[in-house]
Amino acid sequence: MEHCPECGFTYDLDESPAAAEAIRAGADDFAVVLRSAADVRRRPGDGVWSPLEYSSHVRDVLLSQRERVLLAQRVDTPDCVPMGVDDRVEREGYNEQEPEAVARQITDAALLLATVLDRLDDAGWQRRLIYNYPASAERSVRWVAMHALHEVRHHLMDVRRQLA
């Protein structure tokens, strides 16, 4: 099983059906932070994203993962195009976006992904795709769901650490 040493997340693929609810809950936690009085635009240092940038990133990850899961249901072992993580921060102006808008968008993105995950049957969970991060590898939809949950939890930890 894969494990993130920084946040402690373990990719237990048997838990993937529970990922949808956990992703929704994590998105709600991001929305609370974005609606707080905290300075969510402040970057704590060079090369470190602000809470607003992390939130925008997670929103876009959830939307990308939804499309990847849907693609894997239609196409045998599709090759997923990388989402351009670092490029998006500047091109989309993550730190200039309105926190309230991002709060709505991240909860909507979580709902959209969760709806797709909740509707998968056993065959849908077993579908495969080529995922290109951290290295190109064939992965199951179960792994994609757990990776989306890892992104939510890991970056929520990043945000909370900054605001503590």
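The values are calculated or read from the model by the stated rules, or taken from the named source; none is laboratory data. These figures come from a predicted structure and were not determined experimentally. Cβ sites come from the backbone with ideal geometry, for glycine too, and all protein chains shown count toward neighbours. Accessible surface areas use protein heavy atoms only, side chains included; no ligands, DNA or RNA. Shrake-Rupley method; radii C 1.70, N 1.55, O 1.52, S 1.80 Å.
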Legend entry - ³J(HN,Hα), Karplus 6.51/-1.76/1.60, whole Hz, each residue of the stretch 10-17, x for Gly, Pro: 10, 7, 8, 5, 5, 8, 4, x
Inset, instruction - Would you mind telling me the share, in percent, of accessible area of the stretch 99-164 contributed by carbon and sulfur at probe 1.4 angstrom? - result: 51
Inset, instruction - Please report the relative contact order for the stretch 14-116, taking Cα pairs under 8 Å with a sequence separation of at least 6, and give it as a percent rounded to a whole number. - result: 47
Legend entry - Degrees between helix 99-118 axis and first principal axis of the chain (Cα, 0 to 90, nearest 10): 10
Inset, instruction - Could you work out the equivalent-ellipsoid semi-axes for the stretch 38-97, taking the square root of 5 times each eigenvalue of the Cα gyration tensor, largest first, in whole Å? - result: 29, 11, 8
Inset, instruction - Would you mind getting the accessible area per residue of the chain, heavy atoms of the protein chains only, 1.4 Å probe, in Å²? - result: 51
Legend entry - Shape category assigned to the stretch 2-49 from the gyration tensor of Cα positions, a/c cut at 1.5: oblate
Legend entry - Per-residue SASA entry for D14, accessible area with 1.4 Å probe, Å² rounded to 10: 130
Inset, instruction - On a 0 to 90° scale, report how tilted helix 51-74 is relative to the longest principal axis of the chain, with both axes built from alpha carbons and the result rounded to the nearest 10. - result: 10
Legend entry - Amide H partners (placed H, <5 Å) of E2, local residues excluded: Y11
Legend entry - Helix-only CD estimate at 222 nm, as mean residue ellipticity for the chain, using -39500 (n - 2.57) per DSSP H run (n ≥ 4): -19000 deg cm²/dmol
Inset, instruction - Please give the solvent-accessible surface of T10 in Å², to the nearest 10, using a probe radius of 1.4 Å with every protein chain present. - result: 50
Legend entry - the stretch 1-48 - charge dipole about Cα centre, Lys and Arg +1 at Cβ, Asp and Glu -1, debye rounded to 20: 480
Inset, instruction - If a/c stays under 1.5 just call it rounded; otherwise compare a/b with b/c (prolate if a/b is bigger, oblate if not). Do that for the stretch 60-134, with a ≥ b ≥ c from the square roots of the Cα gyration tensor eigenvalues. - result: oblate
